[in-house]
Amino acid sequence: MEEFNVSDALRAIPSVNEVLDCPEVIYLIERLGRNLVLDSVKLILSDHRTHISNNKQFAAEMQYNDRIFVLEYIVEKLKRKIIEQQESGLKRVINATGIILHTNLGRAPLPDKAVKKMCEVSGGYSNLEFDIESGSRGSRHSHIESLICNITGAESAMIVNNNAAAVYLCLNTIAANKQVVVSRGQQIEIGGGFRIPDIIAQSGAKMVEVGTTNKTRITDYLKAVTDETKAFLKVHTSNYKIVGFTEEVLLHDLVMLGKEKGIIVMEDLGSGCLFDLSKIGLPYEPTVQDSIRYGADIVTFSGDKLLGGPQAGIIAGRRDLISRIKENPISRMVRCDKNTIAAMTAVLYLYMDPDKVVDVIPAIKMMSCNVGDLLECAAELEKMIQSNIGCKIETEIIDDTDEVGGGSLPGVVLSGKAIALSVSGIDANQLQFRLRKSQIPVICRINRDRVLINVRTIDKNDYPTVVEALGKALELSI
Ligand SMILES: *Cc1c(COP(=O)(O)O)cnc(C)c1O
């Protein structure tokens, strides 16, 4: 190859207009608009110029002084850049981790009915805050209130952006500048560095800590009561467990003491279970129904943990308290949009038929899968992998330990099944990376130098997508 000449290479770079006049680029402009394409063309040309000046080797490898070749090269780069831009941002991924309520992957997948309802409502206008009977202003809480009351037995209910907001809003309404009593064993961090004591402090309530990490007794609460005490807050330690020499005050006892002293009892349930998980062989998890039955004045919980719905916080309990909470100006700052309310309404409808819950709420269905079912799933997917790309990949079905995730049911290990993959010449980290970079990313874990495709959290309809992603990952040059 002849000696590389920077000025020849720079001279061969097309002008912006030359690029814009190419038929393929005209097509891009028609689809995406001139401004977006123009910005990308300018960026690519300037990158190319820098590259030539800095990296002679790169330029020497191509026909750097052939104008037509360089133009084609630039157009190709432009197309790739635009595709990349369109594919970045929020998108669907396949969860092959076996962690059901994976917070980083969006927690609970919604039931089909909820997705349909959301499309139906959100694509147009709705009665979000409009009372159809009277033709006047309505409340966005009304759509979920009767459902929650019906399912849980609560007098009243409302919905906000998430459970952290629910806790904050309740405490701000009932205990700002007053005292709220909390056990030292329940001062938890809820994830991402956010802690219950910080949320309490932000609400304006003064936290009074009682008991010790492992033991708190009803007498501790009793001794803490002053004229300033407005609430007892019980936090369900849904994301960790203290075992051994422990004692926690039962909600029922706290309710009795609250009644005697005129103090509001609030329970932050966190995981928000509306369905008795012991019915599907999991350890019993306190339900919202139980908290209401035991007499909690207010219960708060998440919409997208064990409930299996959209991100939301639900507040259920005494009518007089919930009316006050609805009137707090902060409720406006933490309100939900129509998408969430549409999806939540549809999910709650499904709970009206408890016998069907396991089949229709995906998160609960995934929790209910037993090892036998999972082995069948793994065998089916393994067969598809083998018949498509079996010559390039080694597979083995292995036992795996799945989790509910999302800070729910800590310490509960679900027996699962995964397909362990190994490919000669591609190490596990590289394969994991390539699967993550697929058009529909496949997110998976690694164990002992093998990539694990865990089947519990993969919808059967996505098996072909997983196989395709694997095929593409192996095709890439090494
Ligand atoms: C998860 C959790 C929260 C926070 O709920 P988000 O819906 O994630 O805001 C609060 N309290 C408890 C006990 C939790 O487990």
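The values are calculated or read from the model by the stated rules, or taken from the named source; none is laboratory data. Values in this document were obtained by computation on a predicted structure and should not be read as measured data. FYI the Cβ positions are ideal-geometry reconstructions off the backbone, even for glycines, and counts take in every protein chain you see. Each accessible area value is taken on the protein alone, full model and side chains, heavy atoms only, with ligands, DNA and RNA left out. Shrake-Rupley method; radii C 1.70, N 1.55, O 1.52, S 1.80 Å.
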What pairs can you find where one residue is in segment 187-206 and over 17 Å from residue 301 (Cβ atoms) and open to solvent by 80 Å² or more (accessible area, probe 1.4 Å), the other is within 11 Å of the ligand (Cβ to nearest atom) and of a type outside the set (A, V, I, L, M), and their Cβ atoms are less than 7 Å apart, with a gap of 6+ or different chains?
195/189; 202/168
Answer yes or no as to whether residue 411 is under 30 Å from residue 235 (Cβ atoms) and in contact with a helix residue (DSSP H, G or I) (Cβ under 6 Å, 6 or more places away or on another chain).
no
In segment 72-92, how many are hydrophobic (A, V, I, L, M, F, W, C), surrounded by 15 or more Cβ atoms within 10 Å (Cβ to Cβ) and at pLDDT 90 or above?
3
If I ask for residues that are within 12 Å of the ligand (Cβ to nearest atom) and either of a type outside the set (D, E, K, R) or not in a helix (DSSP H, G or I) (or both), which ones from segment 198-214 would you list?
199, 200
Say whether the condition of being closer than 23 Å to residue 190 by Cβ and part of a loop (DSSP other than H, G, I, E, B) is met by at least one residue in segment 215-223.
yes
Got at least one residue in segment 97-107 being open to solvent by less than 30 Å² (accessible area, probe 1.4 Å), touching a Phe, Trp or Tyr at 6+ places or on another chain (Cβ under 8 Å) and over 23 Å from residue 301 (Cα atoms)?
no
With respect to the numbered conditions (1) of a type in the set (Val, Ile, Thr); (2) modelled with pLDDT under 95; (3) not in a strand (DSSP E or B), which one is the sole condition not fulfilled by residue 190?
(3)
Could you grab me the full set of residues in segment 399-416 that are open to solvent by 30 Å² or more (accessible area, probe 1.4 Å) and not acidic (Asp, Glu)?
401, 407, 410, 411, 413, 415
Are any residues in segment 147-186 part of a loop (DSSP other than H, G, I, E, B) and either away from the ligand (no atom under 15 Å from the Cβ) or closer than 11 Å to residue 300 by Cα (or both), and if so, which ones?
153, 154, 155, 162, 176, 177, 178
Can you tell me which residues in segment 441-471 are loosely packed, with under 15 Cβ neighbours inside 10 Å and more than 22 Å from residue 379 (Cβ to Cβ)?
449
Go through segment 5-120 and tell me which helices (runs of 4 or more DSSP H), entirely inside it, have 2 or more residues that are within 16 Å of the ligand (Cβ to nearest atom).
none
